[in-house]
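**Q** Quick one: this structure, given as structure tokens, is what I'll be asking you about.
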Amino acid sequence: MKQLKFLIFFFTLWSTLLSGLAQGFTWQEVAPGVWKGVAGKPEAYDLLKAAGATPYQEGLAKIGKAAFPLPLDQLSAIVKDHKTYLRFPLEKNEQLYGFGLNFQTVHQRGKVLELHVDHYGGRDNGRTHAPTPFYVSSNGYGIFVNSARYIKVWAGTGVRQDSENFPTPKDRNTDKTWAARPYSDAVEMLVPAEGVEVYVFAGPRPLDAVKRYNLFNGGGYLPPRWGLGFTQRVMTKFTAAEVEQEVNTFAEKGYPLDFVGLEPGWQSKAYPGSFTWDKTRFPDPAKFTQAMLKKGIRLNLWINPYVSPAAPFYDQIKPLTASHTVWLGLVPDFTLPEARRIFFSQLQRNQVDIGVSGYKIDEVDGYDYWLWPDVALFPSGTSAEQMRQTYGLLTMRYSAEMFKKHNRRTFGLVRASNGGGTSFPYVLYNDYYNHEDFITALINSGFAGVLWTPEVRASKTGEEWLRRFQSNVFSPMAMINAWASGTKPWTYPEVEKQVKEYALLRMQMMPYWYTEFAKYHFEGTPPFRAMNLEDGYQPDTKTEKVTAVANNNLEENPYLEAVAKEVKDQYMAGEYLLVAPMFAGQTSRKVILPKGRWYDFYTGEYVGNGQVLTITPGLDKIPVFVKDGGIIPMMPPLLQAPKAGQKVNLEIHHYGEKDGAYRLYDDDGETFDFEKGQFTWRNIKVSRQKNGQFKGSISKAPTGKPNSVGKVTWKFMTTK
């Protein structure tokens, strides 16, 4: 009897201890609507420390406070066997988004992933260029796990025997409703460390959670205006004379061009790199760079950070590098200040100081047989795994600092990022080349705190070239990457006219793009984002159906059937635009319109309200739609972005029947003086007058503040 009482006491005590461990977090609100939970002993090195991310407190304060969005007793952290087991609750109708830069899926519930920096290999399994351990719920909250480790994720797949929502077991032999994947009520993660920080971001909308996440990481980067212009990356072994000839041809043919990308051939040695100019191709780099700047052309240089024996600092940096090499080049340990000083001072003296405007940082992602193995040792003691997860962050962070010293903004390309990297001046790209998947990646970039370009390289047909080019224009970086193909915008004569129109449209829309990136910086709103973040787009609308409207080319099936499915081929671009790319071989497609009246971007005609359209736009157009009351500020189709102090005329387009409002951002477009208050937000308003006509107004620029606006005219796109 005594033994039985002892056993009862023991199991009661053990259950009590387990109950206490099941929560395992110490929580603290660290910003309005942002909470940090600490479990166990978090490692000294993590994603936020690698990125040096500093919250943009003013932006967070403007979103305001919110209640903790989850039941605290259902968030669990257990440290065992040098690992941290995390568990977060899921409701039955909840959908999940995020977990990094995925290429084929937007809905992430039901996934098993290992978040691991790598070149994308064709499957959404967690191995990707930005495996950000951040996810967003359709219920309006976000969760970020601040660890620089390979994190395993079960996003609603594991079923615990003690679950309050344990499904009823079924007999597969007799029950046709038996499921191989039973309902699971939790997201579970395994972090290979003895503790971790977890951040919870409140809503109330999913977009609010995303905005808080971006602002907590410093806010999105505000590129220079020229970074939002057009870029051409030339062939690998182009010489200075060939680059100049290509630049001149762009101008002669009337195609916009703001910056040119030089590929590995600019260096005397590449794979690994010497980080010095090849004097046979570029005999006078400083003279060449300055000559390009006089033409209004910036140079962007390809690098990977692996050091050739031909590099002038090879011997100096060697003691500060990893035990293993990449392409027989040294791998600098960028967590060490001295290694950073040696490496980046070479780039500073040899390139940035003579006027180079940016970098394309290649091969900091994968594959496993290219990069250092996980058994590699780094002199700082940082593990090879942690370095793999953060090497992209480190190279972005410290290269960006070089331009900050010159008070010059930059904009470049990178192959790897991670949590904490939102504020860096880089756009992700890769060697994968599936157009449809590129658009899905653009959609998912808004959940990962990164930017992505669906770059254009080459195509099998003129149709494919135009379709790729059209969607590239509606992305963070309008770029042809011709390093291998040598393609130009005019390479396919049968579509040259349309390609030129879209290249110029990119420039006309510069005031809109620049303002939307300013919102990314100051407010945290991704400039390109999923439909799931748009008000009126409801993936769980079980009681709602929309009847087809006559003469509007609509589907007969209800709205619910469309939005309940994963939509990965249309997205929001800025505040007002819905973009629905066409792909080679398509003559028609479906478009899901959120609630509210929508209008054709090109004509201003009404197209629908909360409906599923089937559209046949023809080859000349990428379908774009504008919200009711939408305002799109446009400028003349200049061949280069406006320079600091240059005034440009605006033609402000208004769509729909509602009054409209828009806040237009302005600064010098090139420096960081906006961080010192040298910027303006100008209020644009459109209202209907008593006579039924619309009238527009724009507020004056404050005295002593930047003002690049010249003459303002108005175009009311929608007429009754």
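The values are calculated or read from the model by the stated rules, or taken from the named source; none is laboratory data. Bear in mind the structure is a predicted one, so any value in this text is a computation, not a measurement. Because the Cβ atoms are built from the backbone with ideal geometry, glycine has one as well, and the counts that use them run over all protein chains shown.
**Q** Given the criterion farther than 17 Å from Ile151 by Cα and not β-branched (Val, Ile, Thr), identify the matching residue among Gln108, Gln104.
**A** Testing whether each residue is farther than 17 Å from Ile151 by Cα and not β-branched (Val, Ile, Thr) leaves just Gln104.
**Q** Next up: Being buried (at least 18 other Cβ atoms within 10 Å of the Cβ) and either at pLDDT 95 or above or assigned by TED's automatic domain parsing to the domain that holds Glu605 (or both): is that true of Gly710 here?
**A** So Gly710 does not fit the description; no.
**Q** The conditions are (1) more than 20 Å from Asp185 (Cα to Cα); (2) modelled with pLDDT of 95 or more, and Ile151 fails exactly one of them. Which is it?
**A** Unmet condition: (1).
**Q** Among (1) surrounded by fewer than 23 Cβ atoms within 10 Å (Cβ to Cβ); (2) touching a helix residue (DSSP H, G or I) at 6+ places or on another chain (Cβ under 8 Å); (3) assigned by TED's automatic domain parsing to the domain that holds Pro71, where does Val210 come up short?
**A** Failing condition for Val210: (1).
**Q** Separate question: Kindly evaluate Met292 against the criterion of being in contact with a strand residue (DSSP E or B) (Cβ under 8 Å, 6 or more places away or on another chain), outside the structural domain of Thr395 (by TED's automatic domain parsing), under 25 Å from Ala478 (Cα atoms) and not in a strand (DSSP E or B). Spell out how you get there, then give the answer.
**A** Details: in contact with a strand residue (DSSP E or B) (Cβ under 8 Å, 6 or more places away or on another chain): yes; outside the structural domain of Thr395 (by TED's automatic domain parsing): yes; under 25 Å from Ala478 (Cα atoms): yes; not in a strand (DSSP E or B): yes.
Against the criterion (in contact with a strand residue (DSSP E or B) (Cβ under 8 Å, 6 or more places away or on another chain), outside the structural domain of Thr395 (by TED's automatic domain parsing), under 25 Å from Ala478 (Cα atoms) and not in a strand (DSSP E or B)), Met292 qualifies.
**Q** Show me the strands (runs of 3 or more DSSP E) entirely contained within the range 52-146 in which 2 or more residues are within 15 Å of Tyr199 (Cα to Cα).
**A** 76-80, 83-89, 134-137, 141-146
**Q** Can you tell me which condition Tyr255 does not meet? The list is (1) under 30 Å from Pro493 (Cα atoms); (2) in contact with a Phe, Trp or Tyr (Cβ under 6 Å, 6 or more places away or on another chain), and all the others hold.
**A** (2)
**Q** Where residues in the range 463-509 are among the small types (Gly, Ala, Ser) and either under 20 Å from Leu619 (Cα atoms) or assigned to a helix (DSSP H, G or I) (or both), which of them is farthest from the chain's Cα centre (by Cα)?
**A** Among those that are among the small types (Gly, Ala, Ser) and either under 20 Å from Leu619 (Cα atoms) or assigned to a helix (DSSP H, G or I) (or both), it is Ala503.
**Q** Further question: So if I check each of Gln586, Gln538, which one is over 30 Å from Phe716 (Cβ atoms), at pLDDT 95 or above and of a type in the set (S, T, N, Q)?
**A** Criteria check complete, one pass: Gln586.
**Q** Please count how many residues of the range 78-98 are among the charged types (D, E, K, R) and within 28 Å of the chain's Cα centre (by Cα).
**A** The total comes to 3.
**Q** To continue, here is another question. Among the numbered criteria (1) at pLDDT 95 or above; (2) more than 26 Å from Pro526 (Cα to Cα), which single criterion is violated by Pro167?
**A** (1)
**Q** Could you look through the range 79-113, keep only residues that are basic (Lys, Arg) and touching a residue at least 40 places away in the same chain (Cβ under 8 Å), and pick out the one that is surrounded by the fewest Cβ atoms within 10 Å (Cβ to Cβ)?
**A** The extreme case among them is Lys92.
**Q** Go through the range 667-693 residue by residue and tally those that are farther than 21 Å from Phe403 by Cβ and touching a strand residue (DSSP E or B) at 6+ places or on another chain (Cβ under 9 Å). Give the steps one after another, and end with the answer.
**A** Pass one, the range 667-693, residues farther than 21 Å from Phe403 by Cβ: 680-693.
Those still in the list that are touching a strand residue (DSSP E or B) at 6+ places or on another chain (Cβ under 9 Å) too: 680-689, 693.
Matching residues across the range 667-693 total 11.
**Q** Return the pairs, sorted by first residue and then second, in which the second residue is surrounded by 24 or more Cβ atoms within 10 Å (Cβ to Cβ) and assigned to a loop (DSSP other than H, G, I, E, B), the first residue lies in the range 458-476 and is at pLDDT 95 or above, the beta carbons are less than 6 Å apart, and the residues are 6+ apart or on different chains.
**A** Qualifying pairs under 6 Å: Arg467/Met582; Ser471/Pro454; Ser471/Pro581; Asn472/Pro454; Ser475/Pro454; Pro476/Leu451.
**Q** Among all residue pairs at least 6 apart or on different chains, which show Cβ distances below 8 Å where the first residue, located in the range 614-643, is hydrophobic (A, V, I, L, M, F, W, C) and the second is modelled with pLDDT under 95?
**A** Matching pairs, first to second residue: Ile615/Asn553.
**Q** OK, next. Within the range 684-720, take every residue that is over 24 Å from Val607 (Cα atoms) and among the hydroxyl-bearing types (Ser, Thr, Tyr) and give me the one that is nearest to the chain's Cα centre (by Cα).
**A** Of everything passing the filter in the range 684-720, Ser708 is nearest to the chain's Cα centre (by Cα).
**Q** If you check Val243, Val260, which single one turns out to be at pLDDT 95 or above, touching an Asp or Glu at 6+ places or on another chain (Cβ under 9 Å) and among the aliphatic types (A, V, I, L, M)?
**A** Values: Val243 fails: touching an Asp or Glu at 6+ places or on another chain (Cβ under 9 Å).
None of the other options fit; the residue is Val260.
Here is a yes/no grid of residues against (1) free of Cβ contacts under 8 Å to residues at least 60 places away in the same chain; (2) closer than 17 Å to Ser475 by Cα; (3) in contact with an Asp or Glu (Cβ under 6 Å, 6 or more places away or on another chain):
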{"site": "Tyr492", "(1), (2), (3)": "yes, no, no"}
{"site": "Val495", "(1), (2), (3)": "no, no, no"}
{"site": "Gln498", "(1), (2), (3)": "no, no, yes"}
{"site": "Leu504", "(1), (2), (3)": "no, yes, no"}
{"site": "Met510", "(1), (2), (3)": "no, yes, no"}
{"site": "Tyr514", "(1), (2), (3)": "no, yes, no"}
{"site": "Glu523", "(1), (2), (3)": "no, no, no"}
{"site": "Pro526", "(1), (2), (3)": "no, yes, no"}
{"site": "Asn532", "(1), (2), (3)": "no, no, no"}
